[in-house]
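First comes the structure, then the notes that go with it.
The values are calculated or read from the model by the stated rules, or taken from the named source; none is laboratory data. Keep in mind that what you see is a predicted model, and the values were worked out from it rather than measured. For neighbour counting, all protein chains shown are included, and Cβ atoms are generated from backbone atoms with ideal geometry for every residue, glycine included.
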Amino acid sequence: MLKLADSDLKRLDAAIDAIRARTSVRFDLQVVHVADRYALYPIAYGAFAALILGGGFAVFDPAFPARTAFVLETVLFVVLSLAFEWLPLKLMLVPRRQKNLRAQQMAHRAFAARILAARERKSGILVFVALGERHVELVTDDALDRHIGQPVWNAIVKDLTAAAARGDLANGLVAAVEACGKALAQQFPA
């Protein structure tokens with residue numbers, strides 16, 4: 001999973017401060033490790049494997065002692081449930097659609113908390129990145145969408161995801177923030 005160094009965070013802060021100085025728009029960036037804990041998946045997959053093991057004993061060796069089968073199922077359940085708690089493995093178990101949904105929900109909650117709940121009612125944008133889910137989203141209000149348009153935001157997201165895929169998340173984030181600032185400064189100057 002990609003991470004940001006302190007120097008990268010300082011560069012991002014400087015780019016965000018520049019946007020805030022040049023525009024009248026509330027701008028924020030949120031980068032999270034994962035959008036959800038996905039606590040149910042390790043338990044569910046561990047239980048499913050234990051059920052398959054028990055079913056295998058019942059079908060292929062009906063004379064196998066039930067007590068021994070129960071102990072083996074319990075051990076398998078515990079071992080797999082603990083092994084599936086390892087984050088990279090856990091994220092492999094979660095369906096892509098579910099990861100996108102959870103990241104999208106977190107992005108919209110963050111937008112509501114950071115942009116819409118502000119005392120001064122300005123237009124706003126949130127650049128949201130969930131590293132574990134490999135999800136990038138720009139959440140904007142209606143005024144920004146009307147004046148700037150979705151194609152501009154889509155191009156910024158596309159460039160950011162391409163940079164992250166190359167392993168250059170920090171430079172991709174800085175470029176995305178600067179591209180947002182350029183688009184915002186034209187339509188919403190300070």
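So for the range 37-46 (the condition being surrounded by 16 or more Cβ atoms within 10 Å (Cβ to Cβ), touching a Pro at 6+ places or on another chain (Cβ under 6 Å), modelled with pLDDT of 95 or more and not hydroxyl-bearing (Ser, Thr, Tyr)), does at least one residue qualify? Before you say what the answer is, go through the steps one by one.
Going through the range 37-46, the residues surrounded by 16 or more Cβ atoms within 10 Å (Cβ to Cβ) turn out to be 38, 41-42, 45-46.
Keeping just the survivors that are touching a Pro at 6+ places or on another chain (Cβ under 6 Å) gives none.
Within the range 37-46, not a single residue is surrounded by 16 or more Cβ atoms within 10 Å (Cβ to Cβ), touching a Pro at 6+ places or on another chain (Cβ under 6 Å), modelled with pLDDT of 95 or more and not hydroxyl-bearing (Ser, Thr, Tyr).
State yes or no: is Met106 at negative phi and surrounded by 14 or more Cβ atoms within 10 Å (Cβ to Cβ)? Yes; evaluated as a whole, the condition is true for this residue.
Filtering the range 81-103 to residues that are loosely packed, with under 12 Cβ neighbours inside 10 Å, free of Cβ contacts under 8 Å to residues at least 40 places away in the same chain and farther than 29 Å from Asn154 by Cβ leaves only Trp86.
Regarding the range 55-75, can at least one residue be identified that is aromatic (Phe, Trp, Tyr), crowded, with 18+ Cβ neighbours inside 10 Å, in a loop (DSSP other than H, G, I, E, B) and not assigned by TED's automatic domain parsing to the domain that holds Asp145? Give the steps one after another, and end with the answer.
Pass one, the range 55-75, residues aromatic (Phe, Trp, Tyr): 57, 60, 64, 70.
Now drop any that are not crowded, with 18+ Cβ neighbours inside 10 Å, which leaves 57.
When the remaining residues are screened for being in a loop (DSSP other than H, G, I, E, B), the result is none.
Looking for residues that are aromatic (Phe, Trp, Tyr), crowded, with 18+ Cβ neighbours inside 10 Å, in a loop (DSSP other than H, G, I, E, B) and not assigned by TED's automatic domain parsing to the domain that holds Asp145, one finds none in the range 55-75, hence no.
Filtering Arg22, Arg37, Arg11 for residues that are under 30 Å from Arg166 (Cβ atoms) and without any contact (Cβ under 8 Å) to a residue 24 or more places away in the chain leaves a single hit, Arg37. The selection criterion, being surrounded by fewer than 12 Cβ atoms within 10 Å (Cβ to Cβ) and either acidic (Asp, Glu) or in a helix (DSSP H, G or I) (or both), does not hold for Val78.
Okay, residues lined up against (1) at pLDDT below 95; (2) closer than 22 Å to Gly181 by Cβ; (3) among the basic types (Lys, Arg):
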position: Leu2; (1), (2), (3): yes, no, no
position: Asp8; (1), (2), (3): yes, yes, no
position: Val25; (1), (2), (3): yes, yes, no
position: Leu72; (1), (2), (3): no, no, no
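You will find that of Leu40, Leu51, Leu9, Leu4, the residue that is out of contact with any helix residue (DSSP H, G or I) (no Cβ under 7 Å at 6 or more places or on another chain) and within 29 Å of Leu116 (Cβ to Cβ) is Leu9 and no other.
Here Ala143 fulfils each of the conditions (1) over 30 Å from Ser81 (Cα atoms); (2) surrounded by 15 or more Cβ atoms within 10 Å (Cβ to Cβ); (3) of a type outside the set (Ser, Thr, Tyr); (4) at pLDDT below 95 apart from (2).
Out of the range 111-134, which residues are outside any loop (DSSP other than H, G, I, E, B) and within 12 Å of the chain's Cα centre (by Cα)?
Val127, Phe128, Val129, Ala130 - these are the residues of the range 111-134 that are outside any loop (DSSP other than H, G, I, E, B) and within 12 Å of the chain's Cα centre (by Cα).
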